[in-house]
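For reference, the structure discussed in these notes is given below.
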Amino acid sequence: GWERTASATRALREAIKTIRAHGVWMAKFCRVDMLIQTVKRMSKICKSSTLVAKDAVRLPSCVNDLGEYLTAVSDVIRESGGNKVASYAFSSLEQYIPLFLMQTVRIIAKRRGLPAGSIVTLNGVEALDRSGSVLYRDLKGATGFEGSFWDDEVAADAFERSASYVALIEFDIEELVAYCRNNRSEFSDEDYKLMFGMDGPRRMGDAGKYTIMKERSAQGGELRR
């Protein structure tokens, strides 16, 4: 009797270990698939005609598609794997999505994605800004379940930073110079250099201006010392 009980207990423990192991693998699979699907959809933003639209502000269809995907997959994972698996799958997306949006801006600044000779319009800048707001709303809604790792403060900081980077597209060259001087640490040298070299709705790109500004700033610092 005792041996039978001990054997059953060992079998139960092994079964639990197997379930736990499979649960971890499932959670990892869901997380990787979530990131892949998110990147796949967001990579289409830089090719969207909404960025060069002159008649109206329209949201890129891939942004709406991503919002619907996040909502649907949240329901599916929670029903199939539970809240813990869902919380792991969605963890840190409030940081990744703003980073992906900033990467979209970098791609555009490098003159990739948009048709040759095209420039982002003011409507296009607004479309990018709204994309960030919509994705924030949809992601927060998709992660609004018990046990979620969603962090309001982290999300706000990340999305605000991406919105600030998007806004640089709209500046004329003098506004960009002023912003850069007052906010040198907000973005990297490479990011600012990309912005200065980018043609926008209110400026012609001039990467050399950024180099000159940096040299003058360095000389000014030496004089002050």
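Here, each number is a calculation from the coordinates, and none is a lab measurement. Remember, predicted model here, so these are calculated numbers, not experimental data. Here the Cβ positions follow ideal geometry from the backbone for every residue, glycine too, while neighbour counts run over all protein chains shown.
Projecting each Cα onto the charge dipole of segment 171-225 (Lys/Arg +1, Asp/Glu -1 at the beta carbon, about the Cα centre), which of GLY208, SER185, ALA218 comes out farthest on the positive side?
The residue sitting most towards the positive pole is ALA218.
Suppose only helical runs count, i.e. DSSP H with n ≥ 4. What mean residue ellipticity at 222 nm does that imply for the chain under -39500 (n - 2.57) per run, divided by all residues and rounded to the nearest 500 deg cm²/dmol?
-24000 deg cm²/dmol
Identify all lysines with a Cα-Cα distance to LYS209 below 25 Å; exclude those on the same chain that are fewer than 8 residues away in sequence.
In chain and number order, the partners are LYS110, LYS193.
For the Cα atoms of the chain, what angle does the longest principal axis make with the long axis of helix 173-182, in degrees from 0 to 90, nearest 10?
The helix 173-182 is inclined about 60 degrees to the chain.
Check GLY200: other-chain or 5+ apart residues with amide H under 5 Å from its amide H, H built from backbone geometry?
Amide H neighbours of GLY200, under 5 Å, 5+ apart: GLY205.
I need to check one value: relative contact order of segment 171-225, counting alpha carbon pairs closer than 8 Å and at least 6 residues apart, in percent.
32
Taking the Cα atoms only, what angle lies between the long axis of helix 152-167 and the longest principal axis of the chain, rounded to 10 degrees?
Approximately 30 degrees, to the nearest 10.
How far is it, in nm, from the label point at GLN219 to the one at SER43 when both lie 7 Å from their Cα along the line to the Cβ?
4.5
Run the dipole for the chain about the Cα centre, Lys and Arg Cβ at +1, Asp and Glu Cβ at -1, nothing else charged, and hand back the magnitude in debye, nearest 20.
The dipole of the chain has a size of about 720 debye.
Note down the relative contact order for the chain as a percent, whole number, built from C-alpha pairs under 8 angstrom at least six residues apart.
Across the chain, relative contact order equals 22 percent.
Go through (i) 20.1; (ii) 18.9; (iii) 17.8 and flag the label whose value is the computed Kirkwood radius over Cα pairs in Å for this structure.
(i)
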